[in-house]
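As structure tokens, the structure follows; a few thoughts come after it.
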Amino acid sequence: MKKILIVAATAGLMSLAACGGGTTNTTAENVAESHEANAAIYEEAADNTSNVVAENVLENAADVEENKADAAHDNATAH
């Protein structure tokens with residue numbers, strides 16, 4: 001049983017070494033991309049409205065989404 005555990009641990013370490021040990025947080029990257037897409041939609045809507053108040057609200061919403069995207073991206077690259 002001990003030999004099987006050693007073989008399994010060795011295989012795991014070898015696979016980690018093969019990928020360079022670098023991991024990416026794809027979930028956080030996907031969240032960042034989603035927020036970036038939302039920001040683009042808000043910005044497009046702001047550009048297409050003739051109401052100044054609505055334009056400001058949409059631009060602020062776009063800024064919030066961009067900040068969320070930045071935070072998610074920072075989380076994805078943090079080690």
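The values are calculated or read from the model by the stated rules, or taken from the named source; none is laboratory data. Since the structure is predicted, the reported quantities are computational estimates derived from the model, not experimental observations. Note: ideal-geometry Cβ built from the backbone for every residue, glycine included; neighbour counts use all protein chains shown.
Could you please let me know if ALA72 is under 9 Å from the mean Cα position of the chain (by Cα), surrounded by 10 or more Cβ atoms within 10 Å (Cβ to Cβ) and at pLDDT 65 or above?
Numbers: under 9 Å from the mean Cα position of the chain (by Cα): yes; surrounded by 10 or more Cβ atoms within 10 Å (Cβ to Cβ): yes; at pLDDT 65 or above: yes.
The answer is yes for ALA72.
Rundown of residues vs (1) assigned to a helix (DSSP H, G or I); (2) among the small types (Gly, Ala, Ser); (3) in contact with a His (Cβ under 9 Å, 6 or more places away or on another chain); (4) at pLDDT 60 or above, yes/no style:
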residue	(1), (2), (3), (4)
ILE6	yes, no, no, yes
ALA9	yes, yes, no, yes
LEU16	yes, no, no, no
GLY20	no, yes, no, no
THR24	no, no, no, yes
THR27	yes, no, no, yes
ASN30	yes, no, no, yes
ALA45	yes, yes, no, yes
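Contact annotation: residue pairs with Cβ atoms under 9 Å, 6 or more positions apart or on different chains, pairing a residue in region 43-58 that is free of Cβ contacts under 8 Å to residues at least 40 places away in the same chain and among the charged types (D, E, K, R) with a partner that is surrounded by 12 or more Cβ atoms within 10 Å (Cβ to Cβ) and outside any helix (DSSP H, G or I), are GLU55/THR49.
Any residue that is part of a helix (DSSP H, G or I), among the hydroxyl-bearing types (Ser, Thr, Tyr) and touching a Leu at 6+ places or on another chain (Cβ under 6 Å) - is there at least one of those in region 58-77? Don't jump to the end; show me each part of the working.
Going residue by residue through region 58-77, those that are part of a helix (DSSP H, G or I) are 58-77.
Subsequent filtering for residues that are among the hydroxyl-bearing types (Ser, Thr, Tyr) retains 77.
When the remaining residues are screened for being touching a Leu at 6+ places or on another chain (Cβ under 6 Å), the result is none.
Among the residues of region 58-77, not one is part of a helix (DSSP H, G or I), among the hydroxyl-bearing types (Ser, Thr, Tyr) and touching a Leu at 6+ places or on another chain (Cβ under 6 Å), which makes the answer no.
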